[in-house]
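Participant: Input: one structure, supplied below.
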Amino acid sequence: MHKVPVGILGASGYAGRELCGLIAQHPALELAFAAANDQRGRRARIGASEVTYVATEDAPLNKAEVVFTALPAGEAAKLAPGALPMFKPAVKALSAEAVGKYALKFSWSDRHDLGIYSWFYLREVCPCAECTAARK
Ligand SMILES: [Zn+2]
């Protein structure tokens with residue numbers, strides 16, 4: 001099973017340590033890094049696992065799919081804009097092709113094209129006035 005790599009900034013504080021412990025126990029998550037500037041290079045035992053703190057500027061952000069900041073108030077705002085590229089624009093359909101007569105298959109802007117969407121399902125989620133009225 002793929003585990004989602006998670007990074008924590010401010011990992012040596014109370015909230016950060018709690019997060020490290022929760023992630024260590026979570027079956028679908030793994031700790032990618034634990035950043036704590038005042039503890040850099042030091043090791044800490046959290047639950048059943050041991051972490052080595054890295055400096056915030058050395059945090060391998062590209063290794064994490066999710067980053068939590070547990071930094072003191074105001075510290076997160078000091079990070080350079082773009083330092084935490086967590087926001088991704090909404091995925092959009094780039095193209096669609098028919099699957100038989102009952103569904104569409106989309107190619108999405110995040111480069112995946114798995115999944116087919118039945119006309120029935122698309123009518124159920126369509127926000128247009130005609131489909132909304134038909135659902136009532
Ligand atoms: Zn519609």
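Participant: Can you check what the net charge comes to around Ser107, using other residues whose Cβ is under 15 Å from the Cβ of Ser107 (Lys, Arg +1; Asp, Glu -1)? Walk me through the numbers before you get to the answer.
Facilitator: Working: positive: Lys92, Lys105, Arg111; negative: Glu97, Asp110, Asp113.
So the surrounding residues net to 0.
Participant: In whole Å, what is the distance between the alpha-carbon centres of the range 104-130 and the range 4-33?
Facilitator: That distance is 35 Å.
Participant: I want to verify the translational diffusion coefficient of the chain in µm²/s; compute it with Stokes-Einstein, Rh as the Kirkwood radius over Cα pairs, at 37 °C and 0.692 mPa s.
Facilitator: Values: Rh = 18.1 Å.
Here the translational diffusion coefficient equals 182 µm²/s.
Participant: Can you bin every Cα-Cα distance in the range 4-78 into 5 Å intervals starting at zero and give me the percent of pairs per bin, rounded to whole numbers?
Facilitator: Each 5 Å bin holds this share of Cα pairs: 3, 19, 31, 29, 14, 4, 0.
Participant: Mind checking which of Leu22, Leu71, Leu104 has the largest fluctuation in a GNM of the chain, springs on alpha carbons under 10 Å?
Facilitator: Leu104
Participant: Another one. List every residue whose amide H lies under 5 Å from the amide H of Val54, counting only residues 5 or more places away in sequence or on a different chain, with H placed 1.01 Å from N in the peptide plane.
Facilitator: Amide H neighbours of Val54, under 5 Å, 5+ apart: Ala34, Ala35, Ala36, Gly41.
Participant: Report P(r) for the range 93-134: all Cα-Cα distances, bin width 10 Å, range 0 to the bin holding the largest distance, values in whole percent.
Facilitator: Result, from short to long distances: 29, 46, 24, 1 percent.
Participant: I want to verify a result. In a Gaussian network model of the chain, Cα cutoff 10 Å, which of these has the top mean-square fluctuation: Arg43, Arg123, Arg17?
Facilitator: Arg123
Participant: Here's a follow-up. Which one of Val67, Val54, Val125 has the biggest mean-square fluctuation once the chain is modelled by GNM with Cα springs under 10 Å?
Facilitator: Val125
Participant: With each run of n ≥ 4 DSSP H residues scored as -39500 (n - 2.57), what mean residue ellipticity at 222 nm is computed for the chain after dividing by its residue count and rounding to the nearest 500 deg cm²/dmol? Show your work: numbers first, answer last.
Facilitator: Values: 4 runs with 29 residues, N = 136.
After summing the helix terms and dividing by the residues of the chain, the value is -5500 deg cm²/dmol.
Participant: Helix 14-25 versus the longest principal axis of the chain: what is the Cα-based angle in degrees, 0 to 90, to the nearest 10?
Facilitator: So the helix axis and the longest Cα principal axis differ by about 60 degrees.
Participant: Continuing with the same structure: Any cysteines in the chain with zero other Cys Cβ atoms under 4.7 Å from their Cβ? List them, or say none.
Facilitator: If one checks each Cβ against the other cysteines of the chain, Cys20, Cys128 turn up with nothing under 4.7 Å.
Where a number appears in this text, it was derived from the coordinates with a stated rule and is not lab data. Note that the structure is a prediction, hence the values are computed from the model and not measured. Cβ coordinates were reconstructed from backbone atoms using ideal geometry, including for glycine residues, and neighbour counts include every protein chain displayed.
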